[in-house]
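A quick write-up on the structure given underneath.
What follows is calculated from the coordinates using simple rules that are stated; it is not laboratory data. Bear in mind the structure is a predicted one, so any value in this text is a computation, not a measurement. Cβ placement follows ideal geometry from the backbone for every residue including glycine, while neighbour counts extend to all protein chains displayed.
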Amino acid sequence: MTHDTEPGTTDVVRDLTTSENTKGIQSFAEILHTPLPKHPPFFMDVTLRDGNQALRKPWNLDQKETIFKQLIKLGVQGIEVGFASSNDQEFEACNYLSSIAPENVVISSLSRAVEKEIDISWKAIQNAPKPRIHIVYPISAFTIENVLKTSPTKVLERIFQSVAYAKSLVGVRGEVQFSGEHFGDALENLDFAVEAFQTALNAGADVVNLPNTVERYRPWLFVSMVRAVTNALPKDTKISIHTHNDLGMATATTVESYFSGAIQLETALNGLGERAGNTNTYEVAIALHNCGVSVPLNFSAIYETSRLVSYLSDVPIYEKAPLIGEDVISHRSGIHQDGVAKTRHLEKGAYRAFDAGLIGRPEGDRIEFTSQSGKSAVFCILRDSGEDITLEQAGDLQPILKKISEESGKGELTLDEIKLEWNKIKAISYKTNQA
């Protein structure tokens, strides 16, 4: 069986796909004992820049400060506070937030590869304890030809000049990050992308960022590109990942990129960002945690953060949103409820992907009764409310409640409705015993 690579795939990807990824599926035991990356993940938050610029009503300074302070509470290691050169309001926000930044948090401003704009970025964030200028410039063949309308040689010249200039401003106190915009589209010219990143490093860049600016393909393809670039650059290169969620796979892409060599993970609160949004901070954090990675975030602040961001952005949280959605801890199927009931006391639940208490949610597994529910649901709901009921009694009550749910058309029954029927059964039982 052969594995054909995509048309236009460069040698660096072809070498990768014909070696490491074609050795066959590992045994479960081998997977469990696969060494974790030696480097802890570095969370670079882009909510105040990428997230904010996509809002119908961008945040004012007070709102940005509120989000900024919540990010500090959450424990992110870096914050991109804005795009200082884009307008006066952004400059003011970048400048102010830099002045109140903690000693241990990297503060970044985005800039195009233009000296005048780099100057503005530096002026805005230079008072931060750990300032960083973030320069972005396209590197995919498609964008170079159709948007920049220039040559690859000119692109490399611009990258070197802009990064070197930024480095001359930040000196030894600050950092420079270079992002190769549309890296995810650079499959056909990946060798050039490697050259572009190496050029940035030669000019003094401290971090190179590989963005999936528009998500078009399966995660494996992007992750293969990340691994190829990581292998091609010097071993001490600090690789960053910035993925968008156009096809709904940004979390998977970011998590697997971390396991493929990325150190810095650019994410956004509530997954805010252009179009379908950026990688969601919470999903990446808990996925890594579940895989045994030591994640340097304050998990207990996740739930409150999600509510705050939703309120300030006026973007509601989908009830099925992973981790933070209202419905993700609910169980209504009889089979699921039985599994939940039998594993509630265990660290790992039959149908529990995460511990709600870990992220600051006020409640754990929630069992609710509908026509799809079984006796375990009745038993747990009433027991949790303080009722003394046996599993056998719950089995007698279940068909009664199921019929009410179906015939009323209401679906889910409230605790009061369930108790009403339970009290009827208890009354009948009492009269029978008295007779």
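Computed values, structure above
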item	result
Phe43, Phe192 arranged by Cβ crowding within 10 Å, fewest neighbours leading	Phe192, Phe43
Angle in degrees between helix 88-99 and the longest Cα principal axis of the chain, rounded to the nearest 10	80 degrees
Rounded tilt (10° steps) of 190-202 against the dominant C-alpha axis of the chain	70 degrees
Cβ-based exposure ranking for His289, His182, in which fewest neighbours within 10 Å come first	His289, His182
Per-residue HN-Hα couplings for region 411-422 [Karplus 6.51, -1.76, 1.60; θ = phi - 60°; Hz; x = Gly/Pro]	x, 5, 9, 7, 4, 4, 5, 5, 5, 4, 6, 5
J(HN,Hα) series, region 367-375, from Karplus relation 6.51 cos²θ - 1.76 cosθ + 1.60, nearest Hz, glycine and proline x	9, 10, 9, 9, 5, 8, 8, x, 5
Shape category assigned to region 288-357 from the gyration tensor of Cα positions, a/c cut at 1.5	oblate
For P(r) over Cα pairs in 20 Å bins from 0, in percent, calculated from these coordinates, the label among [x] 27, 52, 20, 1; [y] 27, 58, 15, 0; [z] 23, 46, 23, 8, 1	[z]
Set Lys64/Lys320; Lys402/Lys431; Lys375/Lys410 screened for pairs whose C-alpha atoms are more than 21 Å apart	Lys64/Lys320; Lys402/Lys431
Value of relative contact order over region 59-207, rounded to a whole percent, pairs C-alpha under 8 Å and six or more apart	20 percent
Packing-based exposure ordering (other Cβ within 10 Å, fewest first) of Phe259, Phe83	Phe259, Phe83
Added length on full extension, which subtracts the Cα-Cα distance from 0.36 nm per residue, Leu415 to Lys69	120.6 nm
Value of relative contact order over region 330-434, rounded to a whole percent, pairs C-alpha under 8 Å and six or more apart	24 percent
Helical mean residue ellipticity (222 nm; -39500 (n - 2.57) per DSSP H run of 4+; nearest 500) of the chain	-13000 deg cm²/dmol
Crossing angle, helix 115-125 versus the chain [Cα axis fit, 0-90 degrees, rounded to tens]	50 degrees
Charge dipole (the chain, unit charges on Cβ, about Cα centre) - positive-most of Thr153, Phe142, Leu210	Leu210
The chain, relative contact order in percent, only Cα pairs under 8 angstrom and at least six apart counted	13 percent
Full-stretch length increase - Asp327, Leu391 - with 0.36 nm per residue and alpha-carbon distance subtracted	20.4 nm
Computed over region 330-434, Cα set: Rg, Dmax in Å	14.6, 51
